[in-house]
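Here is the structure we will look at.
The values are calculated or read from the model by the stated rules, or taken from the named source; none is laboratory data. A quick note: this is a predicted structure, and the numbers were derived from the prediction, not measured. In this analysis, Cβ positions are derived from the backbone assuming ideal geometry, glycine residues included, and neighbour counts consider all displayed protein chains.
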Amino acid sequence: MILSRVDGSRLTALAGELAGLLTDTVDGGASVGFLAPLGREEAADWWRGRAGAVAAGHLAVWVAHDGDRVTGTVSLALPDKPNSRHRAELVKLMVARRARGQGLGRRLLAVAEDAAARAGITLLHLDTETGSPAEHLYRTAGWTRAGTIPDYAASPDGALRPTTLYYKRLGLPATAG
């Protein structure tokens, strides 16, 4: 399994493969911002639309490959305001259903956390569907539950679901804050 950070042009080149991952994720019931059915071209267009943010340095994207197949991805939405340069949002952590249960989600999470820490980010945050398998990953990786918002986002089938917010401090002693 190869994990690599991609630039804007590589993201555009991988849009079709990433579209397959995104549609697989939505088809599997994960709430990542899309309703089912999600067409492959719509998903590819969404990925191509992220290339400008990657090129501008506002979004960092990592892609996992198993041979010639995309099996996972994770992104960091990086700060764009002076008062938020210490924090970033972890977004779109996805692992192909065929690759789940092998530690790839944890590896992707660790890569993003390490890159954030090296960039001087001291606080990460994310949201995830309450009760989803992702919650277990975040809790066991040291993320702290901040709270739950009812009816925050629609699941792929359109039902409103609660979302739980998490955060993680990076690069601070265990006793800090």
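Quick one: L11 ticks every box in (1) outside any loop (DSSP other than H, G, I, E, B); (2) surrounded by fewer than 18 Cβ atoms within 10 Å (Cβ to Cβ); (3) not hydroxyl-bearing (S, T, Y) bar one, so which box is it?
Looking at each condition in turn, L11 falls short on (2).
What's the number of the only condition in (1) within 26 Å of Y167 (Cα to Cα); (2) within 16 Å of the chain's Cα centre (by Cα); (3) not in a strand (DSSP E or B) that M94 fails to meet?
(3)
For residues in region 118-134 being over 14 Å from the mean Cα position of the chain (by Cα) and of a type in the set (V, I, T), which is farthest from E89 (Cα to Cα)?
Once the filter is applied, the top-ranked residue is T130.
Can you tell me which residues in region 67-82 are surrounded by fewer than 19 Cβ atoms within 10 Å (Cβ to Cβ) and either in a strand (DSSP E or B) or modelled with pLDDT of 95 or more (or both)?
So in region 67-82, the residues surrounded by fewer than 19 Cβ atoms within 10 Å (Cβ to Cβ) come out as 67-69, 77, 79-82.
Within region 67-82, R69, A77 qualify.
Of all residues in region 11-38, which are within 12 Å of P156 (Cβ to Cβ) and either free of Cβ contacts under 8 Å to residues at least 60 places away in the same chain or among the aromatic types (F, W, Y) (or both)?
Listed by number, the residues that qualify are T23, F34, P37.
For region 125-141, indicate whether the set of residues that are assigned to a loop (DSSP other than H, G, I, E, B), hydrophobic (A, V, I, L, M, F, W, C) and modelled with pLDDT of 95 or more is non-empty.
yes
Condition first: without any contact (Cβ under 8 Å) to a residue 60 or more places away in the chain and among the hydrophobic types (A, V, I, L, M, F, W, C). Now tell me which residues in region 135-161 satisfy that.
L137, A141, W143, A146, I149, A159, L160
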